[in-house]
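Below is one structure, written out as structure tokens, with a few remarks after it.
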Amino acid sequence: AQAILAQVATLARTYSIGLQNAARIEMGGSGAGKSKGKGKTVAKGSGKTSFTSVKSSISGSKPAPWVKQTTAPAAKPWSSPAASKGSRKGAVVSKGASKGKSKGKGKGKDKGKKKGPADFDSDFWTRKLEEENRTELEGSYTGTISKYIFKQGWGFIAPDDHDSLPAQAREALSKAHEDAEAAGKNVSDANWIYFRKPDVDQELYPLKDGMAVNFTVYMDEKGCGACGITAQ
């Protein structure tokens, strides 16, 4: 009977301690709810936070030595087809840029330059006239435009009657022909007389081969030439 009573007393004390612990836990939960707001929300949030913290600590912890470690090898640019293709593409683009640059530069440089001879009133012709020491010969003659090079601004007149030219002019033309042949130049006609752009009346332009003209002749340090060229 005494043994039974002792067991009952022990059970009673254990039950009492359990009730006290339960009361403390309940009081602690309600206290947290009062300080934070709603007990349910706090308990739920606290549980999530604790679980996340535990999960983070687990994921961040060093794995056990017996667990096999696998690490992905570092990607090598030369082993990747995509990288290689991209590199080749980049090189082509660079080449195109260089090509475009040189092409644009060449165009811009040539675009500003004027094509053809100087204007009629340009100082260029005045300086050449002063350097040549021209002496105009008497007489007026007829002939045709045999050749005119527009880009360079000079050409030749074929006189209708070569023998009617002054003797001084004929001798100069003959000497010029001999000098040209000696230099290996191909001379079309020994009687052709040289002229240039400002020696022609502006109303005659554009000049055409076979155009009939009137002209006078002059002598300078280089030989014989035609000037005062007008329409017949």
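The values are calculated or read from the model by the stated rules, or taken from the named source; none is laboratory data. Predicted, not measured: the structure shown is a model, and the values here were computed from it. Quick reminder, even Gly has a Cβ in these numbers, built from the backbone with ideal geometry, and neighbours come from all protein chains shown. Note: accessible area is taken over every heavy atom of the protein model, side chains too, but ligands, DNA and RNA are not part of it. Shrake-Rupley method; radii C 1.70, N 1.55, O 1.52, S 1.80 Å.
Test ALA169 against the stated conditions and say whether it is of a type in the set (A, V, I, L, M) and open to solvent by 20 Å² or more (accessible area, probe 1.4 Å).
no
Hey, could you check region 187-215 for residues that are farther than 12 Å from LYS147 by Cα and among the β-branched types (Val, Ile, Thr) and say which is modelled with the highest pLDDT?
VAL213
Return yes when THR135 is touching an Asp or Glu at 6+ places or on another chain (Cβ under 8 Å) and either among the basic types (Lys, Arg) or modelled with pLDDT of 95 or more (or both) and no when it is not.
Criteria not met by THR135.
Please verify whether region 211-227 includes one or more residues that are without any contact (Cβ under 8 Å) to a residue 24 or more places away in the chain, open to solvent by 40 Å² or more (accessible area, probe 1.4 Å) and of a type outside the set (Gly, Ala, Ser).
There is no residue in region 211-227 that is without any contact (Cβ under 8 Å) to a residue 24 or more places away in the chain, open to solvent by 40 Å² or more (accessible area, probe 1.4 Å) and of a type outside the set (Gly, Ala, Ser).
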